[in-house]
Structure formats: C-alpha cells, structure tokens
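Peer 1: Before we start, here is the structure in question, set down as structure tokens.
The values are calculated or read from the model by the stated rules, or taken from the named source; none is laboratory data. Treat the numbers as computed from the prediction; the structure is a model and nothing was measured. When we count neighbours, we look across all protein chains shown, and the Cβ atoms used for this are built from the backbone with ideal geometry, even at glycine.
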Amino acid sequence: MEIWVPYGDVESLVTLMQENLGETIDPKPESHVDEMLVTLAEKMKGMERVYICDQKPATLKVVKALLAKLPKEGLKFFALAPKKVETAVPELKEAVEKLRLPGEAAQGTEGKDGKLSPDIAGPSKKLAISTGEPDPLIGFIDAPVALALAGIEGTRRLAYKRRDGDEPQPLREGSPSYAAVLQETQAIQNAEYATIITRGGEPYSIVEGDSVKQARAHYLSAEVPQTKGLVVGAGGRGYDDTLSHAIRVGLGALKGVRKGGEVVLVAECREGVGSEALQMFLTGRMTESFLKRGAYVEGLEEISYVTDLKERYSVTLLSSLPELYAGGKLRFRTARGSGEALTKVFSSIGRTAKLNVVTRGCETVLP
C-alpha cells in the first residue's frame, strides 16, 4: 500500500505491506471556496482593515479568491509575515503591512503603551481571517484567538495560566484557556471573524458562532483500534514549518497507538525548532530553577508535551532537523526518509506489527 503524507511543500511516500496496515485516516481534498466567498463578501461590506492571521495555504487561497471578486481599494492589509503573504498572493504585492506587536512603534513614530497592538486598536471596521486548527493548550485556534495571539500582549501566557492541567486537550469544549483568550478579544472593537476549516488541506467551510463545537464535528474521527505503531504527518506547509508546531498538531492522533508503541512524526521543520521554550529545552537552558521561578516563555507548555511523548512512546522524527536537535535532548530517533523510519520501527516492534497512518494531524483528533 502506498500512502502519501504531506511534508513541507511536497509529500513523503509511506509504503506498507497490506498485513502491516491498520487504519488510514487520510482526508480527501474538498474545496468549497466559491460558496465561502458568498459569506465573506457579506462580511466585507464597509470593511476598512483585513488581518491575515496565518500563512497557511487555505488562508492564502481564500484571500486570493476574495481579491478576485472584490476591489482592494480602501482596504488596509496586515500580517505577521507580510512577505510570505505577498509571495503567495501577488495581488497584494507591497500592500501588506506588518502587524506590530503591542507597544511597538511604527517606523518614525514613538511607541505606545498598552496590551493592544496599535494596528488593531481603534473603531475602524476590521476582518480577521485564519485557518482553524486544534491546539493542545487552548483547545482550538480560530480567527478570534489567532488575532488575539498576534495582537494582544500576553495572550498565550494568560492561556497557560488559566489551564486546568498539563495534559494536551485539542478541541476541548469548555476549555478555560480558550474562554480566557476569547474574553481578551472583547477589547478589539468592530471586528468580524472568518475561520476556515479545511478538508484534505483545501478550504472546506467557514466557521461562525460556536467554533469549537463546529470544529469538533469536522475533525473528530471514528475510533480506531490502537496498534503498536503510528505514522502521523503534521499536515505539510503551514503546519510542519517548525518542530514545535508539528508536535502541537500531531498530539491529537496519539490515541491511535498503544502506550510504549512507536510513533513516526513526519514534519519537514524547515524553519527549525520553533518556540523559545523548546529552543531553551534543547540547548539545556530550561533548568529546574527556571521552571520553579514561574516565568513564562513562549511555548512553555510544550515541555510537558515532549516529556510525556518520551515517557509514553518511542518517537522517530522524519524531518530536515539536524541530529543534534532531534536526537540529542529530545532523544528522538531521526530519519531522512520514510523507508529508513519504517525500518527502525519494524526492527523494534516486529515485522508483523500493524501501523495506523494519519496523514494530516492538523485535521485529525482521535477520541
């Protein structure tokens, strides 16, 4: 059996004998961009500012389609990574401003104090658009949460503080962390939100209202028998750019493997490790004394996720990360190709063992 798993801009071929294949969860692409544009066109009436809250392919595809239908005159566009947006959407060439952090001054001006980015403050009518994804700390990152993380100081720190446990809880309804972040968004005036849900990486629908409940209905997969091994892809470009992001979106698939089993995480990690906390951990700067001080750095919750991964499973990372990072402090085995990864897995659990395969962790949360 040949199964293609997203890996950066391309795909990695996983080949398994029929007797080794457990369940395969591989969402097939299904695009509904045209239907989504009807909803977005209504939201765009009287709009003055558009915030592109991520650089995921589905977000950029919808923005590009929207610009083909509506004039961009009179609109101001903001993004955390303007160049990436402009590369994917040439229609916005030199038209996207960098979303400033709270307190960060525009070039040639003095800074402003406060929790809110000066770019999202004020009464102007604004639209935030992003692609939703399960998150082990907050539960679900939709457009309101994405804008808060980008433009309100201390948002993820607040989510970490309000958590009620260290276990990853993607797509959890009633998450205190999600509720805390959503409350912060009330400081943003005149905002409309569009959260894209994907199917096989393609824009599938737009979430409105109770986003977590709708996302659960879309993402939750049928229960699968646990096997000795699991291959999980983060989801390709936009999801596996860094190791920390890949781990976050891959955690929801772990119910598909037995405790003590083998996990192969397929993630290119072309932009490196990711969060400050994970970088500190890998370089030995995440000390016990630091943790006891109660200070928060971006991604601190990931340390508990990584620790739990190492205790429960044997992990092989198929990525471009140097062995120094992946195989050192993390104690993950490393592989440059799927054949090498599977050879290591079967040498550990036996040639007759079965493996479940989840091609897109960003779209899969097993109950």
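Peer 1: If I filter the range 314-367 down to residues being within 23 Å of residue 304 (Cα to Cα), touching a residue at least 24 places away in the same chain (Cβ under 8 Å) and of a type in the set (Ser, Thr, Tyr), which single residue comes out as surrounded by the fewest Cβ atoms within 10 Å (Cβ to Cβ)?
Peer 2: 314
Peer 1: Can you pull out the residues in the range 5-54 that are among the aromatic types (Phe, Trp, Tyr) and assigned by TED's automatic domain parsing to the domain that holds residue 321? Spell out the reasoning first.
Peer 2: To start, the set of residues in the range 5-54 that are among the aromatic types (Phe, Trp, Tyr) comprises 7, 51.
Residue satisfying the conditions is 7 alone.
Peer 1: While we're looking at this one, here's another question. Looking only at the range 274-297, how many residues end up being buried (at least 22 other Cβ atoms within 10 Å of the Cβ) and assigned to a loop (DSSP other than H, G, I, E, B)?
Peer 2: 1
Peer 1: I'd like to check something: does the range 9-32 contain any residue that is under 24 Å from the mean Cα position of the chain (by Cα) and more than 30 Å from residue 355 (Cβ to Cβ)?
Peer 2: Within the range 9-32, the subset under 24 Å from the mean Cα position of the chain (by Cα) is 9-14, 23-32.
Now narrow it down to the ones that are more than 30 Å from residue 355 (Cβ to Cβ): 32.
Yes, the range 9-32 contains at least one residue that is under 24 Å from the mean Cα position of the chain (by Cα) and more than 30 Å from residue 355 (Cβ to Cβ).
Peer 1: Given the options 199, 248, 270, name the one that is in contact (Cβ under 8 Å) with a residue 60 or more places away in the chain and within 27 Å of residue 34 (Cα to Cα).
Peer 2: Details: 248 fails: within 27 Å of residue 34 (Cα to Cα); 270 fails: within 27 Å of residue 34 (Cα to Cα).
Answer to the selection: 199.
Matching residues to (1) within 15 Å of residue 229 (Cβ to Cβ); (2) outside any loop (DSSP other than H, G, I, E, B); (3) touching a helix residue (DSSP H, G or I) at 6+ places or on another chain (Cβ under 8 Å):
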{"residue": "329", "(1), (2), (3)": "no, no, yes"}
{"residue": "334", "(1), (2), (3)": "no, yes, yes"}
{"residue": "345", "(1), (2), (3)": "yes, yes, no"}
{"residue": "348", "(1), (2), (3)": "yes, yes, no"}
{"residue": "352", "(1), (2), (3)": "yes, no, yes"}
{"residue": "356", "(1), (2), (3)": "yes, yes, yes"}
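Peer 1: Within the range 89-167, which strands (runs of 3 or more DSSP E) (wholly inside it) include 3 or more residues that are surrounded by fewer than 22 Cβ atoms within 10 Å (Cβ to Cβ), in the same structural domain as residue 47 (by TED's automatic domain parsing) and modelled with pLDDT of 90 or more? Outline the logic, then answer.
Peer 2: On the way: elements: 96-98, 126-131, 133-135, 139-141.
Fully inside the range 89-167 and qualifying: 96-98.
Peer 1: In the list 243, 171, which residue meets the criterion of being among the aliphatic types (A, V, I, L, M), more than 30 Å from residue 19 (Cα to Cα) and in the same structural domain as residue 130 (by TED's automatic domain parsing)?
Peer 2: Details: 243 fails: in the same structural domain as residue 130 (by TED's automatic domain parsing).
Within the list 243, 171, the selection yields 171.
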